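Here you go, one structure.
The values are calculated or read from the model by the stated rules, or taken from the named source; none is laboratory data. All of these numbers come straight from a predicted model, not from anything done at the bench. Neighbour counts are summed over all protein chains in view; Cβ atoms, including those assigned to glycine, are modelled from backbone coordinates with ideal geometry. Protein only, heavy atoms only, side chains kept; ligands, DNA and RNA dropped before computing areas. Shrake-Rupley method; radii C 1.70, N 1.55, O 1.52, S 1.80 Å.
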Amino acid sequence: VSDGSIAAWGRNVEGQTNVPPLPPGETCVEIAAGTGHSVARLSNGTVIAWGWNAFGQTNVPPLPVGVTYVAIAAGGNHTLARRSDGVVLAWGRNVESQTLVPTLPVGLGFTEIAAGYDHSLVRVGALSRYVTFAAGCAGSLPVSRLVPGDTPRLGRVLQVRVDNLPGDAAIM
């Protein structure tokens, strides 16, 4: 939905179309659907998941301070997420090793993630990270941070929103 809300319909045996209410002021920027579960990435960089959870596929790992989620994917009974620090996490059913994220050589990172029913894919490229900046002062907005609208791709424009940017800031 263009206002950042989530709409779901169809088979709902596992509750995968019972969209939970979003936190106040947050919108959805990305969605993914597994076999019996659904996943959404929110504008604040967190991820929510709901529906069937027999393998822990809706148990979203907590984030370290200053780190956000920048991409999600849902497989049959597993979920993947790429964090702003370049780490890819996978959780849920692992009978085919679909949640065992490979270790990459130094200088390489994950640039895109995808999930099939019992397999996972990553695109590998130059190491990149999203960063936060500007600590602010007492009584000001929280730390400003860059929120990507999509996965960075070479040769393509990446739209980035800056959350909590003061009205009198100048960026060059």
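Output the number of the condition that Val95 fails; it satisfies all remaining conditions of (1) free of Cβ contacts under 8 Å to residues at least 24 places away in the same chain; (2) among the hydrophobic types (A, V, I, L, M, F, W, C); (3) touching a strand residue (DSSP E or B) at 6+ places or on another chain (Cβ under 9 Å).
Going through the list (1) free of Cβ contacts under 8 Å to residues at least 24 places away in the same chain; (2) among the hydrophobic types (A, V, I, L, M, F, W, C); (3) touching a strand residue (DSSP E or B) at 6+ places or on another chain (Cβ under 9 Å), Val95 breaks only (3).
Answer yes if at least one residue in the stretch 19-38 is charged (D, E, K, R), surrounded by fewer than 21 Cβ atoms within 10 Å (Cβ to Cβ) and assigned to a loop (DSSP other than H, G, I, E, B), and no otherwise.
Yes, the conditions are met somewhere in the stretch 19-38.
What residue, among those in the stretch 6-18 that are among the small types (Gly, Ala, Ser) and open to solvent by 50 Å² or more (accessible area, probe 1.4 Å), is farthest from Leu42 (Cα to Cα)?
Step one: filter the stretch 6-18 for residues among the small types (Gly, Ala, Ser), giving 7-8, 10, 15.
Pick out the ones that are also open to solvent by 50 Å² or more (accessible area, probe 1.4 Å) and you get 7, 10.
Details: Ala7: 14, Gly10: 23 Å.
The selected residue is Gly10.
Further, regarding this structure: Hey, any hits in the stretch 48-56 for a residue that's in a loop (DSSP other than H, G, I, E, B) and at pLDDT below 95?
Checked against the condition, which is being in a loop (DSSP other than H, G, I, E, B) and at pLDDT below 95, the stretch 48-56 yields no hits at all.
Here's another thing I want to ask about it. Can you name every residue in the stretch 61-91 that is small (Gly, Ala, Ser), in a loop (DSSP other than H, G, I, E, B) and open to solvent by 10 Å² or more (accessible area, probe 1.4 Å)? I'd like the intermediate steps shown before the answer.
Residues of the stretch 61-91 that are small (Gly, Ala, Ser), as a first pass: 66, 71, 73-76, 81, 84, 86, 90.
Add one more test, that the residue is in a loop (DSSP other than H, G, I, E, B), and what stays is 66, 75-76, 84, 86.
Correct list: Gly66, Gly86.
What pairs come out if I take residues in the stretch 101-116 that are open to solvent by 70 Å² or more (accessible area, probe 1.4 Å) and pair them with residues that are hydrophobic (A, V, I, L, M, F, W, C) and assigned to a loop (DSSP other than H, G, I, E, B) whose C-beta lies under 7 Å away, six or more apart or interchain?
Matching pairs, first to second residue: Leu108/Leu127.
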